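Comments concern the structure below.
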């Protein structure tokens, strides 16, 4: 996070942040991929997931307001997680997944000042393209 802190302290330009982070990130991913065959299954799957997500791992270097951590997202979902744990409203894995996904929609729509009801309605309508929770203009 030293590069991010230098950027926040205005000691590094956004272009400098992009260049350094992406260079280090590519080097790390290459190293992980080169050694993935020797890793335990869970670690190998993690490496595969990182490779699939590589185009999005460094979004924080390109988009104003996006941070390199998921702290904001975790704070946003905390209330829902606490409700789920206290209420024990979901007792099955399927129920927990449903609640998690519904909370994701509600929180994401709220952050984007969109109607979660309209988003859910549009996901069920066959005559409109499926909506996305990813804001327009985000790579």
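Specify whether the C-alpha gyration tensor of the range 44-85 places it in the rounded, prolate or oblate class, a ≥ b ≥ c being the square roots of the eigenvalues: rounded for a/c under 1.5, otherwise prolate if a/b is larger than b/c and oblate if not. Because a/c hits 1.5 or more and a/b fails to exceed b/c, the range 44-85 counts as oblate.
Computed packing ranks the peptides 105-112, 71-78 as 105-112, 71-78, most packed first, by mean other Cβ atoms within 10 Å.
Once the Cα atoms are used to define both axes, helix 93-111 deviates from the longest principal axis of the chain by about 80 degrees.
With the convex hull of the Cα atoms taken as the outline of the range 2-61, the averaged projected area works out to 4.3 nm².
Take every Cα pair under 8 Å in the chain that's 6+ residues apart, average their separations, divide by the length, and report that relative contact order as a whole percent. About 15 percent, as a whole number.
Does the chain classify as rounded, prolate or oblate by the C-alpha gyration tensor (a ≥ b ≥ c root eigenvalues; a/c under 1.5 gives rounded; else a/b over b/c gives prolate, otherwise oblate)? Don't skip to the end; give the middle numbers.
Numbers: a/c = 1.86, a/b = 1.44, b/c = 1.30.
Since a/c reaches 1.5 and a/b is larger than b/c, the shape of the chain is classed as prolate.
Would you work out if the range 71-124 is rounded, prolate or oblate? Take a ≥ b ≥ c from the square roots of the eigenvalues of the alpha-carbon gyration tensor; rounded if a/c is under 1.5, else prolate when a/b is larger than b/c, oblate otherwise. In terms of gyration-tensor shape, oblate.
Hey, what angle do you get for helix 71-87 against the long axis of the chain, alpha-carbon based, 0 to 90 degrees rounded to 10? The angle comes out at about 30 degrees. The angle between the Cα long axis of helix 14-35 and the longest principal axis of the Cα atoms of the chain comes to about 90 degrees, rounded to the nearest 10.
Bear in mind these aren't lab numbers, they're just calculated from the coordinates by the rules spelled out. Please read these numbers as outputs of a predicted model, since none were measured by experiment. For neighbour counting, all protein chains shown are included, and Cβ atoms are generated from backbone atoms with ideal geometry for every residue, glycine included.
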